[in-house]
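The values are calculated or read from the model by the stated rules, or taken from the named source; none is laboratory data. Just so we're clear, the structure is a prediction, and the values are computed from it rather than from any experiment. Glycine gets a Cβ as well: all are built from the backbone with ideal geometry, and neighbour counts include every protein chain shown. To get the accessible areas, we keep the full protein, side chains included, count just its heavy atoms, and leave off ligands, DNA and RNA. Shrake-Rupley method; radii C 1.70, N 1.55, O 1.52, S 1.80 Å.
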Amino acid sequence: MRGPVDGLGSSSPLGLMLPAIFADDRLAQQFVAGLDETVAPLLNVLDCLDSYFTPALAPQDFTRWLGGWVGAETDGTEPEQRLRAAVAAAAHLHRIRGTRRGLSETVRLAFGVAPEITESGAAAWSVRPRGAIPGERRPGLHVALRLPDPTPADEHRLDTLVAAARPAHMPYTVQVTAAEGSTER
């Protein structure tokens, strides 16, 4: 939350802007000094406005709001570092949305682990016409994720991410399992 900051001076003190007749008026100077204390946080925000739109520098609550503004795939439970990375990558991820790479990056940013993606499509070429069609007859997408300590919420989160980042026409399944060497609950 933005608000008063003890000891924060104004970058543009109002006392210096008063007409010369008030320069030595103690009451007028004290009155505008009180206003300076109220206005100083606002002026500080305006002076540093570009930092608010840089996810690595913005306050965490503003970064979370900014994530909603740019459509970052966050749910409010991710650690600060992952939140900032997801917000910073949001515009890039929108450009590659619906691709295997876009899906992989979205899941990796949300969980910190790269997923295993299996899809039904394929591409090939042949010098002879009427060659075999590559891939499977029915479209499908399967996203598997191995986490050190998976929970049912992780599978729901993965399902939500895949539903949003997959190609719109593609049916899908998701699976979350324990990574090798970890203990499952």
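What pairs come out if I take residues in the range 78-92 that are within 12 Å of THR63 (Cα to Cα) and among the β-branched types (Val, Ile, Thr) and pair them with residues that are assigned to a helix (DSSP H, G or I) and modelled with pLDDT of 90 or more whose C-beta lies under 7 Å away, six or more apart or interchain?
Taking only residues 6 or more apart or on different chains, the pairs are VAL87/THR63; VAL87/LEU66; VAL87/GLY67; VAL87/VAL70.
Say we look at the range 172-182 and pick out the residues that are in contact (Cβ under 8 Å) with a residue 12 or more places away in the chain and in a loop (DSSP other than H, G, I, E, B); which of these is nearest to LEU93 (Cα to Cα)?
ALA179
Identify, please: which residue in the range 1-22 is open to solvent by 60 Å² or more (accessible area, probe 1.4 Å) and in a loop (DSSP other than H, G, I, E, B) and is, among those, farthest from ARG64 (Cα to Cα)?
PRO19
Check whether at least one residue in the range 147-155 is in a loop (DSSP other than H, G, I, E, B), of a type outside the set (D, E, K, R) and open to solvent by less than 70 Å² (accessible area, probe 1.4 Å), and report yes or no.
Yes, some residue in the range 147-155 is in a loop (DSSP other than H, G, I, E, B), of a type outside the set (D, E, K, R) and open to solvent by less than 70 Å² (accessible area, probe 1.4 Å).
Among the listed residues ALA28, ALA40, ALA33, ALA23, identify the single one that is among the hydrophobic types (A, V, I, L, M, F, W, C), modelled with pLDDT of 90 or more and over 11 Å from the mean Cα position of the chain (by Cα).
ALA28
Given the structure, is VAL143 surrounded by 14 or more Cβ atoms within 10 Å (Cβ to Cβ), β-branched (Val, Ile, Thr) and in contact (Cβ under 8 Å) with a residue 40 or more places away in the chain?
Answer is yes for this residue.
Looking at (1) assigned to a loop (DSSP other than H, G, I, E, B); (2) open to solvent by less than 40 Å² (accessible area, probe 1.4 Å), find the lone condition where THR54 falls short.
With (1) assigned to a loop (DSSP other than H, G, I, E, B); (2) open to solvent by less than 40 Å² (accessible area, probe 1.4 Å) applied to THR54, the lone miss is (2).
Please enumerate the residues belonging to the range 35-51 that are part of a helix (DSSP H, G or I) and either touching a helix residue (DSSP H, G or I) at 6+ places or on another chain (Cβ under 6 Å) or open to solvent by less than 80 Å² (accessible area, probe 1.4 Å) (or both).
Residues satisfying the conditions are LEU35, ASP36, VAL39, ALA40, PRO41, LEU43, ASN44, VAL45, LEU49, SER51.
Can you confirm whether the range 157-171 contains a residue that is part of a loop (DSSP other than H, G, I, E, B) and among the hydrophobic types (A, V, I, L, M, F, W, C)?
Yes, the range 157-171 has at least one match.
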